[in-house]
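Taken together, the values in this text are just the output of simple stated rules run on the coordinates, not laboratory data. This one's a predicted model, so the numbers in the text were calculated from it and none came from an experiment. In this analysis, Cβ positions are derived from the backbone assuming ideal geometry, glycine residues included, and neighbour counts consider all displayed protein chains.
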Amino acid sequence: MSKDKIVAIPNIPTPNKPVIFNPDICKGCNICVEVCQVDVYIPHPEKGKPPIILHPEECWYCGCCVNDCPRPGAIEFNWPLQQRGYWKNKTTGEVHQI
Ligand code: SF4
Ligand code: SF4
C-alpha cells in the first residue's frame, strides 16, 4: 500500500519572517499554530521543533501567537522596517528601538 506524500511549499516571492523562533526555548507545542487566525504556520513534521512559517505574507501582526506562547523567549516579532519604532534620548543621544 502506498503512503501519501504531503508537500508544503512556502511562498518564495515573499521570504520574510514575521516572527523569529528560538529553537532552544520552543518545544513545538504548536499553540501558536492553533491561535493564528490566518494560518501563517504549520506544525513541524519533527515533534518538538518550532513550527514552519508557511505563509509569512499573511501575517497582520495581531500578536496572538507571541502573547499565547507559554514559553517566554520562544517566539518574538520581527517587525518590518517601516513598522519599527525608534526614539532618541535628548539628553544622552542614545537611540532605542522597540
Ligand atoms: S513558539 Fe511557543 S507556542 Fe509556538 S510552538 Fe514554540 S513553545 Fe509552542
Ligand atoms: S501575529 Fe497574528 S497573524 Fe501573525 S502569525 Fe501571529 S497570530 Fe498569525
Looking only at the stretch 29-86, and only at residues there that are of a type in the set (Asp, Glu) and within 11 Å of ligand 1 (Cβ to nearest atom), the one that is nearest to residue 6 (Cα to Cα): 34
Can you tell me which residues in the stretch 43-98 are aliphatic (A, V, I, L, M) and over 11 Å from the mean Cα position of the chain (by Cα)? 81, 95, 98
I'm told residue 50 meets every condition in (1) touching a Phe, Trp or Tyr at 6+ places or on another chain (Cβ under 8 Å); (2) under 12 Å from residue 17 (Cα atoms) except one. Can you identify the failing condition by its number? (2)
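Just name the residue that is surrounded by the fewest Cβ atoms within 10 Å (Cβ to Cβ) out of those in the stretch 55-83 that are within 10 Å of ligand 2 (Cβ to nearest atom) and of a type in the set (Asp, Glu).
The initial filter retains those residues of the stretch 55-83 that are within 10 Å of ligand 2 (Cβ to nearest atom), namely 55-56, 58-69, 75, 77.
From the residues that got through so far, the ones that are of a type in the set (Asp, Glu) too are 58, 68.
On the way: 58: 15, 68: 13.
Ranking the qualifying residues of the stretch 55-83, first place goes to 68.
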